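The values are calculated or read from the model by the stated rules, or taken from the named source; none is laboratory data. Because the structure is a prediction, the values reported are computed rather than measured. Cβ placement follows ideal geometry from the backbone for every residue including glycine, while neighbour counts extend to all protein chains displayed.
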Amino acid sequence: MTLTDRAIRSLKPRATGQHERYDHIVPSLELRVNSSSKSWVLLYRERLPDTSGDFTSGMRKKRWPLGMIAGFPPWMMSGNAMNNIAEGE
């Protein structure tokens, strides 16, 4: 699904719980929909350290919350979040 304004407005909450929709153009961008809100999340992978202080070949999936839908386009927020992740913030 491409997360256009029209597609986002058409997403309705389910009766219980939350559900996620992923953007086909920006694969790491997720929209979470629950009964009270819609919010953006950036998905990324973090390398796992081993006991020697180096890194293993494994990766851990992580989520960086970008916030509720507001005035910022998601691609601007995802770029800012990627910069923060790269800088260790």
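A search for C-beta distances below 6 Å between a residue of the stretch 52-75 that is at pLDDT 70 or above and any residue that is aromatic (F, W, Y) and surrounded by 13 or more Cβ atoms within 10 Å (Cβ to Cβ), counting only pairs 6+ apart in sequence or on different chains, returns K62/Y44; L66/W40. Among strands (runs of 3 or more DSSP E) entirely within the stretch 1-63, having at least 1 residues that are in contact with a Pro (Cβ under 6 Å, 6 or more places away or on another chain) singles out 29-33, 38-49.
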